[in-house]
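Q: Okay, here's the structure, questions in a sec.
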Amino acid sequence: QVQLVESGGGLVQAGGSLRLSCAASVATFNIYTTAWYRQAPEKQRELVARIRGDGNTNYADSVKGRFTIIRDNAKNTVYLQMNSLKPGDTAVYYCNLKWYTYDYWGQGTQVTVSS
């Protein structure tokens, strides 16, 4: 049973920073594409950032230049460094690991940005 444990969410003022972490209990972490998604109230879940096993990344246009996704294969952990946060970034953030049909989600961590 693969488990993803997220941490690092919280309340921050606009302009501030947070770093989310997602630790995975999986033996072959390096083969997975890892990603962060978010879901705001009454909105669909959306991709925030993705990093593949080869290190290639892509980001939602709304977070480019502010967020950075990093993976540490030795620690089975993926991070999301969020800088210059805006109230529009307020959402529940979910970690995702995917490899073919293997698709795992974390429980979500709340990020609230006050104006």
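Q: Reachable lysines from K75, Cα under 23 Å, same-chain residues fewer than 8 places away excluded?
A: Once the sequence-local lysines are set aside, what remains near K75 is K98.
Q: Turning to a different aspect of this structure: Determine one quarter of the surface area of the Cα convex hull of segment 35-115, which equals its mean projected area, and express it in nm² to one decimal.
A: On the way: hull surface 23.8 nm².
So the mean shadow area of the Cα hull is 5.9 nm².
Q: Below 13 angstrom from the Cβ of N83, what's the summed charge of the other residues (Lys, Arg +1; Asp, Glu -1)?
A: Values: positive: R19, K64, R66, K86; negative: D89.
Residues near N83 contribute +3 overall.
Q: Just to confirm, what accessible area per residue do you get for segment 13-115 at 1.4 Å probe, in whole Å²?
A: Roughly 53 Å² per residue, with all protein chains present.
Q: Counting pairs of alpha carbon atoms under 8 Å apart in space and at least six apart in sequence, what relative contact order in percent does the chain give?
A: 36
Q: Also, I was wondering about something else. Can you spot the lysines whose alpha carbon is less than 20 Å from K86's alpha carbon? Ignore those fewer than 8 places along the same chain.
A: Straight-line reach from K86, under 20 Å: K43, K64.
Q: How big is the accessible area of R45 in square angstrom, nearest 10, if you roll a 1.4 angstrom probe over the protein chains?
A: Here the residue's solvent-accessible area equals roughly 90 Å².
Q: Say each of A60 and S25 gets a label point 7 Å from the Cα, pointing the same way as Cα to Cβ; how far apart are those two points in nm?
A: It works out to 2.9 nm between the two label points.
Q: Another question about this same structure. Could you order E42, E6 by accessible surface area, starting with the largest, using a probe radius of 1.4 Å?
A: Per-residue accessible area, sorted high to low, gives E42, E6.
Q: Largest first, how would I69, I31 line up by accessible area (1.4 Å probe)?
A: I31, I69
The values are calculated or read from the model by the stated rules, or taken from the named source; none is laboratory data. A quick note: this is a predicted structure, and the numbers were derived from the prediction, not measured. Glycine gets a Cβ as well: all are built from the backbone with ideal geometry, and neighbour counts include every protein chain shown. The accessibility values were calculated without ligands, DNA or RNA, using every heavy atom of the protein model including side chains. Shrake-Rupley method; radii C 1.70, N 1.55, O 1.52, S 1.80 Å.
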